[in-house]
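S.K.: Input: one structure, supplied below.
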Amino acid sequence: MANPTVRVGDVVPTGTFWYVPYTPETDDLAACGVPTKISTDAWKGKKVVLISVPGAFTPTCHANHLPPYIQKYDEFKAKGVDQIAVVTANDAFVMSGWGKALGFKDKSQLTETFPQILPLSDPTAAWTSQLGLSVDLSKANELGLGLRTSRFALILDDLKITYLGVEPARGVTVSGADAVLAAL
Amino acid sequence: MANPTVRVGDVVPTGTFWYVPYTPETDDLAACGVPTKISTDAWKGKKVVLISVPGAFTPTCHANHLPPYIQKYDEFKAKGVDQIAVVTANDAFVMSGWGKALGFKDKILPLSDPTAAWTSQLGLSVDLSKANELGLGLRTSRFALILDDLKITYLGVEPARGVTVSGADAVLAAL
């Protein structure tokens with residue numbers, strides 16, 4: 001289990017992720033976009049919900065963790081959330097494909113260009129490791145999963161952690177949509 | 001570009017891959033299966049087409065490389081191919097999801113070669129770590145090979161971007 005080195009009240013370290021921007025034209029699973037970078041600086045002054053799962057298309061997180069965030073998107077917006085993002089150590093192409101598969105559509109208004117859920121790639125779990133929230137799955141089996149991001153959700157307000165829910169075991173509890181909504 | 005250390009006529013080294021078996025029940029993108037291992041031993045006595053691409057959901061390979069193999073599946077079977085498989089260094093869960101997205105069904109086997117371990121033994125892995133900061137790491141290069149009882153009878157390694165010698169038409173012509 002991950003041992004976070006950050007706590008509520010801390011400002012998260014600066015980090016850079018990769019993602020493939022959503023466009024209606026490339027929303028098809030057979031289309032590919034171009035990865036681009038995004039810094040945590042983009043979240044200055046904003047309220048962000050960041051979810052982390054060990055991998056795209058993996059059990060638990062895949063079928064049960066993300067869909068409630070999509071279904072309750074409007075409830076998150078009503079509580080003042082500017083952005084919901086999900087991060088894994090998978091590459092940006094995989095995150096984009098996974099997002100399309102799960103239906104991370106673009107419900108943004110007017111000038112806001114971020115999609116409903118932003119699929120972020122933290123290669124080698126570099127940023128997540130700075131929070132003490134990466135997990136080494138290399139020895140678990142020979143699947144070759146390597147260093148991954150653990151399962152958690154956090155709420156950032158102007159880059160300061162106001163909620164940190166790290167799953168203590170398999171399953172979705174403190175990192176799930178309902179727990180995070182209750183904390184907003 | 002990859003520099004293969006194997007050639008036509010060689011028997012491929014033994015290797016083990018991970019994959020999530022296809023079942024109609026778990027073919028939905030929201031469902032997950034359980035990864036299991038498969039050895040190259042499973043291909044003894046069989047005719048296999050193995051395609052390799054740098055990554056699931058990446059450009060070129062994703063939109064253009066695999067679909068013709070699915071469309072022309074019957075032509076491959078008519079030429080005696082027992083199995084078409086595609087391998088990358090992505091994990092088995094990603095390969096399974098990608099296969100569902102592209103419609104592999106039970107026609108194309110999505111294999112995971114973690115850390116490109118087996119593909120490296122063929123001299124066909126490619127280090128994409130320095131290319132940019134995308135964090136792609138060590139990957140399998142783009143190629144296709146035909147195995148007959150584990151012996152390479154065709155090896156098409158792409159020399160540049162694009163799909164030529166590793167594409168469905170080139171492989172069909174070699175069968």
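The values are calculated or read from the model by the stated rules, or taken from the named source; none is laboratory data. Here the structure is a predicted model, which means the values were calculated and not measured. Here the Cβ is made from the backbone with ideal geometry for all residues, glycine too, and neighbour counts use every protein chain on show. These accessible areas exclude ligands, DNA and RNA; they are computed on the full protein's heavy atoms, side chains included. Shrake-Rupley method; radii C 1.70, N 1.55, O 1.52, S 1.80 Å.
S.K.: Being open to solvent by 20 Å² or more (accessible area, probe 1.4 Å) and among the charged types (D, E, K, R) is the filter; apply it to segment B:86-109 and report the residue that is modelled with the lowest pLDDT.
M.R.: If we take residues in segment B:86-109 being open to solvent by 20 Å² or more (accessible area, probe 1.4 Å) and among the charged types (D, E, K, R), then B:100 is modelled with the lowest pLDDT.
S.K.: Scan (1) within 23 Å of residue B:149 (Cβ to Cβ); (2) over 15 Å from the mean Cα position of the chain (by Cα); (3) open to solvent by less than 30 Å² (accessible area, probe 1.4 Å) for the single condition residue B:33 breaks and write down its number.
M.R.: Evaluating residue B:33 over (1) within 23 Å of residue B:149 (Cβ to Cβ); (2) over 15 Å from the mean Cα position of the chain (by Cα); (3) open to solvent by less than 30 Å² (accessible area, probe 1.4 Å) leaves (1) as the failure.
S.K.: Would you tally the residues in segment A:170-184 being over 16 Å from residue A:85 (Cα atoms) and outside any helix (DSSP H, G or I)?
M.R.: Number satisfying all stated conditions: 5.
S.K.: Then there is this: Give the residue, chosen from B:94, B:81, B:87, that is part of a strand (DSSP E or B) and either more than 14 Å from chain A (Cβ to nearest Cβ) or in contact with a helix residue (DSSP H, G or I) (Cβ under 9 Å, 6 or more places away or on another chain) (or both). If you could, list the steps in order and put the result at the bottom.
M.R.: On the way: B:94 fails: part of a strand (DSSP E or B); B:81 fails: part of a strand (DSSP E or B).
Matching residue, one of B:94, B:81, B:87: B:87.
S.K.: Another question, if that's okay. Tell me whether segment B:38-49 contains one or more residues that are over 22 Å from residue B:166 (Cα atoms), open to solvent by 40 Å² or more (accessible area, probe 1.4 Å) and assigned to a helix (DSSP H, G or I).
M.R.: Of all residues in segment B:38-49, those over 22 Å from residue B:166 (Cα atoms) come to B:38-39, B:41-42, B:44-45.
Of the ones still in play, those that are also open to solvent by 40 Å² or more (accessible area, probe 1.4 Å) are B:41-42, B:44-45.
Checking the rest, the ones that are also assigned to a helix (DSSP H, G or I) come to B:41-42.
Within segment B:38-49, one or more residues are over 22 Å from residue B:166 (Cα atoms), open to solvent by 40 Å² or more (accessible area, probe 1.4 Å) and assigned to a helix (DSSP H, G or I).
S.K.: Return only the number of the condition from (1) in a loop (DSSP other than H, G, I, E, B); (2) open to solvent by less than 60 Å² (accessible area, probe 1.4 Å); (3) among the β-branched types (Val, Ile, Thr); (4) under 23 Å from residue B:152 (Cβ atoms) that residue B:5 does not satisfy.
M.R.: All conditions are met except number (2).
S.K.: Test residue B:130 against the criterion of being in a loop (DSSP other than H, G, I, E, B) and within 14 Å of chain A (Cβ to nearest Cβ), and give yes or no.
M.R.: Working: in a loop (DSSP other than H, G, I, E, B): yes; within 14 Å of chain A (Cβ to nearest Cβ): yes.
For residue B:130, the condition - in a loop (DSSP other than H, G, I, E, B) and within 14 Å of chain A (Cβ to nearest Cβ) - is met.
S.K.: Which members of segment B:159-169 meet the condition of being in contact with a Gly (Cβ under 9 Å, 6 or more places away or on another chain) and open to solvent by less than 30 Å² (accessible area, probe 1.4 Å)? Let's see the steps before the verdict.
M.R.: Restricting attention to segment B:159-169, the residues satisfying the condition of being in contact with a Gly (Cβ under 9 Å, 6 or more places away or on another chain) are B:164-167.
The answer is B:166, B:167.
S.K.: Here's a follow-up. Take segment A:134-150 and flag every residue that is out of contact with any Leu (no Cβ under 9 Å at 6 or more places or on another chain) and touching a residue at least 60 places away in the same chain (Cβ under 8 Å).
M.R.: Listed by number, the list is empty, since nothing qualifies.
S.K.: Continuing with this model, one more query. Residue B:153 - would you say it is open to solvent by 50 Å² or more (accessible area, probe 1.4 Å), more than 13 Å from every other protein chain (Cβ to nearest Cβ), in contact (Cβ under 8 Å) with a residue 24 or more places away in the chain and not in a loop (DSSP other than H, G, I, E, B)?
M.R.: Numbers: open to solvent by 50 Å² or more (accessible area, probe 1.4 Å): yes; more than 13 Å from every other protein chain (Cβ to nearest Cβ): yes; in contact (Cβ under 8 Å) with a residue 24 or more places away in the chain: yes; not in a loop (DSSP other than H, G, I, E, B): yes.
Judged against the criteria, residue B:153 is a match.
S.K.: Another question, if that's okay. Tell me, please, whether a residue that is part of a loop (DSSP other than H, G, I, E, B), at pLDDT 95 or above and either within 11 Å of another protein chain (Cβ to nearest Cβ) or under 18 Å from residue B:167 (Cα atoms) (or both) can be found in segment B:52-72.
M.R.: Of all residues in segment B:52-72, those part of a loop (DSSP other than H, G, I, E, B) come to B:53-60, B:66, B:72.
Imposing the further condition that a residue be at pLDDT 95 or above reduces the set to B:72.
When the remaining residues are screened for being either within 11 Å of another protein chain (Cβ to nearest Cβ) or under 18 Å from residue B:167 (Cα atoms) (or both), the result is B:72.
Scanning segment B:52-72, I find at least one residue that is part of a loop (DSSP other than H, G, I, E, B), at pLDDT 95 or above and either within 11 Å of another protein chain (Cβ to nearest Cβ) or under 18 Å from residue B:167 (Cα atoms) (or both), so the answer is yes.
S.K.: Quick one: residue B:142 ticks every box in (1) more than 12 Å from the chain's Cα centre (by Cα); (2) more than 9 Å from chain A (Cβ to nearest Cβ) except a single one, so which number is it?
M.R.: Failing condition for residue B:142: (1).
S.K.: Is it true that residue B:93 is among the aromatic types (Phe, Trp, Tyr) and touching a His at 6+ places or on another chain (Cβ under 9 Å)?
M.R.: So residue B:93 fits the description; yes.
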